[in-house]
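Here's the structure, in C-alpha cells; my notes come after.
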Amino acid sequence: MKKTLIIAEAGVNHNGDIKLAKKLVDAAADAGVDYVKFQTFNSKKLVSKNAKKATYQKENTNNAEESQLRMLQKLEMSKEMHLELIAYCKTKNIKFLSTGFDLDSIDFLYELNIDLFKIPSGEITNLPYLKKIGSLGKPIVVSTGMADILEIEDALRVLIASGASYDNITILHCNTEYPTPMKDVNLLAMNTIHEKFNVPIGYSDHTLGIEIPIAAVTLGATVIEKHFTLDKTMQGPDHKASLEPHELKAMVTAIRNIELAMGHGKKEPSESEKKNKNIARKSIVANKFIQEGDVFTEENITVKRPGNGISPMQWDNIIGTKATKTYNEDDLI
C-alpha cells in the first residue's frame, strides 16, 4: 500500500505565539507526520467587520460578543513568523505547509515555494480564489466540507480551466463542524467522490478521537488531515476539537500499521504463519489398533493434529481401502 500523506493541522492553535507554534512543530515531528500545517491570512481580507463567529467559535473562545474579525486578528501569522517556522521545520526534519485564505496570502505562500496548495472547505465556492490556485501549477488538495457533489464538480472544472492538472488534484471528504458528530461523518461519501471523479481521495477529520481517520485509510484515503494542539483546554476556536500530542502519535502509529496490514491482496499463507501449518491443521490417524489388511472405516480412523500426514480432505479416498501395515492408536495413516 502506498504511504498515506499525514498532515498535522496546527492551524491557529499557536494563538499568535511563535514559541507555541514551535512547540507544535516539535509535537508534530515527534508524532512522525509528513507535514505540519498552519494558516495564512489577512483578517481584514478574510472577513468583514460584521461577520459573526460560528457557534463552536463562540463556545471555544468563551467570548460570544467578540467579532470573527477581532478573533482572527489575534491569530494572524506575520511574514517573519512564517520564515522562522519554515527554518525551524527544517531543523526538525518535517515539512512546513500553510493554507492561504485570501489572494495575497496565496501569492505570499507561492513565493515561499511551498510543496502544495490546500483549498479549505470554506473556499470551494470562491471562484477568484480557485482560479488563482489553479493557475499556480502546484499539487492541490481540496477539502469539501459543507459541499455537495455538484459544488465539487464546479470547483474541479474551475481548477482545470485555470491550468491545474487533473493528475495533481486530491479531494478530501470533510465535515465542517467542530467537533463532527459521528452520525454526520458519512465516511462512505469519500468513496462516492472517488467513483465520481476518479481522483485520489483523502479525509480531513474534525471528529473527537482517532478512529475515523484510521477507518478512512482502510477505505483508500491517500491523505489524512487532523487538527492537533498541545492542550485541548487552551483558549481558542479549534483547541477542543484537536488531538493532543500523544493522541496524534497514536493516530500516526495506527495508520502506519494499517498500511503494513493492507498487504498485496493475494490470498496465500504468509511467511510468518507457514511454520504453524502442521501444528494447527490435522491429519488422518488411527482411532484404534488396526491390523494389516483391515479395511479403513469411519470407526477405525479419525482426524487429529498434527497436520503432517494425509490431509482430512482425502477422507473419502481412504475409506474402504485396506491397511498395508499395522497401526496403533493415534498413528498417522
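The values are calculated or read from the model by the stated rules, or taken from the named source; none is laboratory data. Note that this is a predicted model, so its numbers are computed, not measured. Reconstructed Cβ throughout: ideal geometry from the backbone, glycine too, with neighbour counts over all protein chains shown. Ligands, DNA and RNA are stripped out before the accessible areas are found, and what is left, the full protein with its side chains, is counted by its heavy atoms. Shrake-Rupley method; radii C 1.70, N 1.55, O 1.52, S 1.80 Å.
The eigenvalues of the Cα gyration tensor, multiplied by 5 and square-rooted, give the chain an equivalent ellipsoid with semi-axes of 59, 21, 18 Å from largest to smallest. Taking every DSSP bridge with both residues inside the chain, close to 20 percent are antiparallel.
Based on the mean of other Cβ atoms within 10 Å per residue, sort peptides 232-245, 80-93 so the most packed one is first. Each step should come with its number before you reach the end.
On the way: 232-245: 18.6, 80-93: 14.2.
Top to bottom by mean Cβ count within 10 Å: 232-245, 80-93.
Packing here is the average count of other Cβ atoms within 10 Å per residue, and on that basis the peptides 193-199, 96-102, 321-327, highest first, run 96-102, 193-199, 321-327. Taking amide H as placed 1.01 Å from N in the peptide plane, I6 has its amide H under 5 Å from the amide H of D34, Y35, I224, each at least 5 places away in sequence or on another chain. Among the listed pairs K2/K132; K74/K240; K3/K44; K3/K90, which are separated by more than 27 Å between their Cα atoms? Those over the limit are K2/K132; K3/K44.
In order along the range 169-183, phi translates into HN-Hα couplings of 10, 10, 10, 9, 5, 7, 10, 8, 9, 10, x, 7, x, 4, 5 Hz, rounded to whole numbers, per the Karplus curve 6.51 cos²θ - 1.76 cosθ + 1.60 with θ = phi - 60° and x for Gly and Pro. Residues whose amide H lies under 5 Å from that of K304, counting only those 5 or more places away or on a different chain, are S283, V285; hydrogens are built 1.01 Å from N in the peptide plane. Return the carbon/sulfur percentage of the accessible area of the chain, one whole number, probe 1.4 Å, all protein chains in place. Ligands and nucleic acids excluded, carbon and sulfur give 50 percent.
Taking a sphere under 15 Å around the Cβ of I149 and counting the other residues whose Cβ falls inside, with K and R at +1 and D and E at -1, yields a net charge of -3. Think of each Lys and Arg Cβ as +1 and each Asp and Glu Cβ as -1; about the Cα centre, that makes the dipole of the chain roughly 500 debye.
Of the peptides 276-286, 253-263, 209-219, the ranking by mean beta-carbon count within 10 Å, highest at the top, reads 209-219, 276-286, 253-263. Around the amide H of V142, modelled in the peptide plane, lie the amide H atoms of I119, T170, I171, L172, all under 5 Å away and 5 or more residues distant in sequence or on another chain.
The base-10 log of I(q)/I(0) for the range 269-328, evaluated at q = 0.20 Å⁻¹, reads -0.73 [Debye formula, identical scatterers on Cα atoms, solvent excluded]. Classify the range 187-245 as rounded, prolate or oblate, taking a ≥ b ≥ c as the square roots of the eigenvalues of its Cα gyration tensor: rounded when a/c is under 1.5, otherwise prolate if a/b is larger than b/c and oblate if not. In terms of gyration-tensor shape, prolate.
From the Cα gyration tensor of the range 155-274, with a ≥ b ≥ c the square roots of its eigenvalues, which class applies: rounded if a/c is under 1.5, or else prolate if a/b is larger than b/c, or else oblate? Because a/c hits 1.5 or more and a/b fails to exceed b/c, the range 155-274 counts as oblate.
Classify the range 80-191 from the C-alpha gyration tensor, please: rounded if a/c falls under 1.5, else prolate or oblate depending on whether a/b exceeds b/c. Could the numbers behind the result be given before it?
Values: a/c = 2.04, a/b = 1.31, b/c = 1.56.
Oblate.
Note the angle between two axes, namely the Cα long axis of helix 245-262 and the longest principal axis of the Cα atoms of the chain, as a number of degrees from 0 to 90, rounded to the nearest 10. With rounding to tens, the tilt is 40 degrees. In terms of accessible area, using a 1.4 Å probe and ignoring ligands and nucleic acids, L116, L230 rank largest first as L230, L116.
So for the range 211-267, what are the equivalent ellipsoid semi-axes in whole Å, largest first, each being the square root of 5 times an eigenvalue of the Cα gyration tensor?
Working: eigenvalues 165, 22, 8 Å².
So the three semi-axes of the range 211-267 are 29, 11, 6 Å.
Given in Å, the Rg to one decimal and the Dmax to the nearest whole number for the Cα atoms of the range 1-132 are 15.3, 49.
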